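Below is one structure; the comments refer to it alone.
The values are calculated or read from the model by the stated rules, or taken from the named source; none is laboratory data. Remember, it's a predicted structure, so these values are computed and weren't measured experimentally. Backbone-built Cβ (ideal geometry, glycine too); neighbour counts: all protein chains shown. The protein model used for the area step is the full one, side chains on, heavy atoms only, and it has no ligands, DNA or RNA in it. Shrake-Rupley method; radii C 1.70, N 1.55, O 1.52, S 1.80 Å.
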Amino acid sequence: MQELKIAIIGAGFMAKAHSMAYATMPMFFWPAPARPVRELLIDVNEESAADAAARYGWNRSGTDWREAVEDPNIDVIDIATPNHLHAEIAIAALQAGKHVISEKPLARGAEEAKAVYEAAQASDRTTMVAFNYRRTPAITYAKKLIDEGRIGKILNFRGTYLQDWSASPDSPLSWRFRKDVAGSGALGDIGTHVVDIARYLVGEVSAVSAQARTWITERPVPSGTVDKLGAGGDANAPKDTVDVDDEVMTMLRFDNDAIGSIEATRNGWGRNNFLTFEIHGTEGSIAFDYEKRDQLQVVFASDDPAERGFRTIYTGPAHPHGDALWPIPALGIGYGETKIIETHDLFHAIVNGTPASPNFADGYQIEKIADAILESSNSGQWVTVDGLK
Ligand code: NAI
Ligand code: SOE
């Protein structure tokens with residue numbers, strides 16, 4: 001079996017998720033498109049790099065991402081750093097002839113993303129942005145129902161991504177609250193996952209009208225280098241400014257005339273990973289809640305009126321990638337499975353020379369939509385979004 005040697009940049013939360021997926025993908029998908037080799041793990045913090053390499057099963061560790069990009073033995077660069085490094089590493093990796101998967105968002109805005117997109121266009125390598133939620137089998141199945149016309153013409157999409165890990169003012173000033181590192185706040189961090197799902201299921205977004213707010217304008221500066229996503233805040237620590245959005249609400253117009261809305265916040269007490277959508281079509285409706293991610297709610301206009309109502313489909317072997325996962329519906333699909341499927345789809349695209357999805361063109365388009373959302377919030381006007389030329 002062909003092997004693909006990977007170098008991952010970043011030793012945090014996503015290094016754990018991606019390492020687990022590289023280790024286990026062939027256990028689920030067999031024969032695998034290629035065998036992932038966890039060759040090199042890089043983190044700017046030497047101790048984190050060595051520790052993560054040992055823990056997550058990487059052959060070597062290092063501290064400079066250029067070592068990975070310049071290494072002729074590496075086939076795939078996996079970017080799992082904070083957002084400010086995505087573009088620079090992706091462009092260098094593509095220019096060095098590597099296949100690249102980048103964590104989301106592709107960049108800190110459309111201008112930076114455009115440069116990454118252009119580097120991808122100039123290369124024959126495979127690119128992917130790690131918007132993994134669309135790979136939840138229930139969402140992939142929703143896409144199949146829509147493509148088969150089962151809910152007719154789509155009228156609307158209403159999506160949310162609500163969390164509460166930063167609802168406390170004591171939640172530390174993670175890199176996710178710094179514009180120079182993150183690019184934007186809840187919008188880029190979690191809103192873009194819903195934009196990806198909206199484009200995947202409904203179609204291209206053509207215009208937006210939005211409001212964004214920053215509710216907590218300063219936060220305690222964290223001590224140490226590990227980002228614990230809201231935990232470990234010290235109310236007495238010195239504070240610094242938050243210069244990104246805490247919350248965004250946007251209305252959408254799609255190219256195909258459908259309308260929609262997206263809400264994203266990390267300050268919604270009681271919400272953990274509340275990524276939801278409901279879609280109404282002329283022939284039926286679909287609803288999804290990631291906190292119940294084994295389930296898809298569907299209703300069809302053709303159902304017997306006496307029994308019409310949302311019913312629950314539990315995803316299992318009969319659903320996309322079901323034969324690779326678990327043998328009984330509702331045994332449990334988790335976050336890990338979305339990353340395993342993502343790795344499979346990336347490797348399949350690399351080995352077969354077919355385009356991956358979402359790729360860097362999608363990542364660029366999503367950044368254009370995100371920029372338009374912030375522009376609309378500032379101007380109070382609808383803002384149109386150009387397609388890719
Ligand atoms: P994290 O803060 O847990 O880890 C980031 C790591 O990058 C840290 O170990 C840090 O030392 C390292 N790093 C910083 N500068 C570096 C440099 N110059 N060279 C090498 N390493 C460097 O962050 P997390 O949560 O893993 O996020 C990483 C990326 O993944 C972000 O872009 C984030 O938006 C994305 N993400 C995506 C998720 C998804 O569901 N697809 C979930 C969580 C994060
Ligand atoms: C924090 O909001 C976060 O880790 C995001 O960065 C991820 O993209 C999301 O999947 C989970 O929450």
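Quick notes on this structure:
- When the test is whether a residue is in contact with a helix residue (DSSP H, G or I) (Cβ under 9 Å, 6 or more places away or on another chain), more than 16 Å from ligand 2 (Cβ to nearest atom) and open to solvent by less than 50 Å² (accessible area, probe 1.4 Å), residue 100 passes it.
- When residues of the stretch 5-55 are limited to those that are in contact with a helix residue (DSSP H, G or I) (Cβ under 7 Å, 6 or more places away or on another chain) and farther than 16 Å from residue 79 by Cα, the one surrounded by the most Cβ atoms within 10 Å (Cβ to Cβ): 25
- Selection over the stretch 160-189 of residues that are β-branched (Val, Ile, Thr) and open to solvent by 20 Å² or more (accessible area, probe 1.4 Å) gives a count of 1.
- Search result, residues across the stretch 160-175 that are among the charged types (D, E, K, R) and closer than 30 Å to residue 278 by Cα: 164
- Residue 151 surrounded by 22 or more Cβ atoms within 10 Å (Cβ to Cβ), on the phi < 0 side of the Ramachandran plot and away from ligand 2 (no atom under 16 Å from the Cβ): yes
- The set of residues in the stretch 335-357 being buried (at least 21 other Cβ atoms within 10 Å of the Cβ) and either within 25 Å of residue 274 (Cα to Cα) or within 16 Å of ligand 2 (Cβ to nearest atom) (or both) consists of 337, 338, 339, 340, 341, 342, 343.
- If you go through the stretch 1-42 and keep only what is away from ligand 2 (no atom under 16 Å from the Cβ), basic (Lys, Arg) and within 17 Å of residue 55 (Cβ to Cβ), you end up with just 38.
- For the stretch 144-176, the set of residues classified as basic (Lys, Arg) and touching a helix residue (DSSP H, G or I) at 6+ places or on another chain (Cβ under 6 Å) consists of 176 only.
- Sole exception among (1) in a helix (DSSP H, G or I); (2) of a type outside the set (Lys, Arg); (3) under 23 Å from residue 352 (Cα atoms) for residue 113, by number: (3)
- Residues of the stretch 122-142 classified as assigned to a helix (DSSP H, G or I) and away from ligand 1 (no atom under 11 Å from the Cβ), total: 6
- Verdict on residue 80 being open to solvent by less than 10 Å² (accessible area, probe 1.4 Å), in contact with a Gly (Cβ under 7 Å, 6 or more places away or on another chain) and among the hydrophobic types (A, V, I, L, M, F, W, C): no
- Residue match in the stretch 11-23 (condition: farther than 26 Å from residue 325 by Cα, free of Cβ contacts under 8 Å to residues at least 40 places away in the same chain and either assigned to a helix (DSSP H, G or I) or touching a strand residue (DSSP E or B) at 6+ places or on another chain (Cβ under 9 Å) (or both)): no
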